[in-house]
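The structure under discussion appears below in the form of structure tokens.
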Amino acid sequence: MKLIINGEEQQIEAGTLAALLAALDYEGDWLATAVNGDLVPRAERAQTALNDGDRIEILAPKQGG
Amino acid sequence: MLTLYGTELSSRLLLGTARYPSPAIMEAAIRASGTGIVTVSLRRETAGGGRGGQFFETIRALGVHVLPNTAGCHTAKEAVLTARMARDLFATDWVKLEVIGHHDTLQPDVFALVEAARELCADGFKVFPYTTADLVVAEKLLEAGCGVLMPWASPIGSARGLVDPASLISMRAHFPDVPLIVDAGLGRPSHAAQAMELGYDAVLLNTAVAGAADPIAMARAFAAAIDAGHEGCRAGLLEPRDMAVPSTPVIGKAVFA
């Protein structure tokens, strides 16, 4: 299916957000996720089903002022 | 002792983590500054990257409080979502709320700022709003539930210092019991000392330290200036006078002519 991940369109099969993170080799505890403009808390990624055309943001801690 | 949202802090400096020459220099500068609060951001992570995790492990090891920002957000909606993602990631309800209104000056969009502050305060966040020295906006932010206000000194990264001290003096006078932090635009330790002499509770800065030739020494210099300004304010500053007032007593002066 088509997903827009951090602004880039990709063809990838993933049933849930947790499965997508694993398929794309996102590692570690320090990630924050949103689907279609809504936060998906860490604890809910495994239950969050993805649909064709979903917009997914995967963020991490970075330097800031 | 500075108290922000019930947290006591021995340092009156809040320090950013961006633009240092290297992670090691950032870490050493944070230690040298004595700060108890550092600001961080959230940005897109590349697949299989993990660099954000490495950065954050360094910060965690320092044992300081983390204040996530919403830098770069231009709408209330973006800022609210970023704050919620930050709370999930960093496990803190603190957020430095920035909603940028102008590309050149990075001036806050105070209308969207108040809107976002209302939503986040109602959702349990402890909001540190990056704002202007406008008193009406300040009132609205306090009504929204903010327990701290952070007016700018001058545009972010400009190093121009306090371009409108009269407005900052007015803000201090109007809100004697609200923790006020000067955020943005400071370039020199003397700027920080000036803000503290005006009675501000703390300063937040980043580029002035990170962009110095020696960030570690500059972190120490700002810490010293902040302490000096704070002590000076508490000690009671003399008002300027138009004419000279001799400091040495005139009585008892010898007459030689």
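A short reminder: the numbers here are calculations on the coordinates, not readings from a lab. What you are looking at is a predicted structure, and each value in this text was computed from that prediction instead of being measured. Positions of Cβ are generated from backbone atoms using ideal geometry, with glycine treated the same way; all protein chains shown enter the neighbour counts.
So here's what we get for this one:
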| read-out | value |
| --- | --- |
| For residue B:247, net neighbour charge (Lys/Arg +1, Asp/Glu -1) across residues whose Cβ lies under 15 Å away | +2 |
| Share of Cα-Cα pairs in the range B:19-62 lying beyond 11 Å, as whole percent | 72 |
| Net length gained if the chain between residue B:255 and residue B:228 were fully extended (0.36 nm per residue, minus Cα distance) | 5.6 nm |
| Cβ neighbours within 10 Å from other chains - mean over A:32-40 | 4 |
| Whichever lysines have a C-alpha closer than 22 Å to that of residue B:126, once near sequence neighbours (fewer than 8 apart) are set aside | A:62, B:77, B:96, B:140 |
| Residue B:24/residue B:65 FRET efficiency (R0 30 Å; Cβ-Cβ; nearest 0.05) | 0.90 |
| Alpha carbon centroid spacing (whole Å) that separates the range B:66-124 from the range B:194-222 | 23 |
| Projected area, mean over directions - the range B:52-118, Cα convex hull, nm² | 5.0 |
| Cβ-derived FRET efficiency at R0 45 Å, residue B:248 paired with residue B:104, nearest 0.05 | 0.30 |
| Alpha carbon convex hull of the protein assembly as shown, projected area averaged over orientations, nm² | 20.8 |
| Solution diffusion estimate, µm²/s, Stokes-Einstein, chain A, Kirkwood Rh from C-alpha pairs, 4 °C, viscosity 1.567 mPa s | 108 |
| Efficiency of FRET from Cβ geometry, residue B:167 and residue B:241, R₀ 30 Å, rounded to 0.05 | 0.80 |
| Per-bin percent of Cα-Cα distances, the range B:130-236 [5 Å] | 2, 14, 24, 24, 17, 11, 5, 1, 0 |
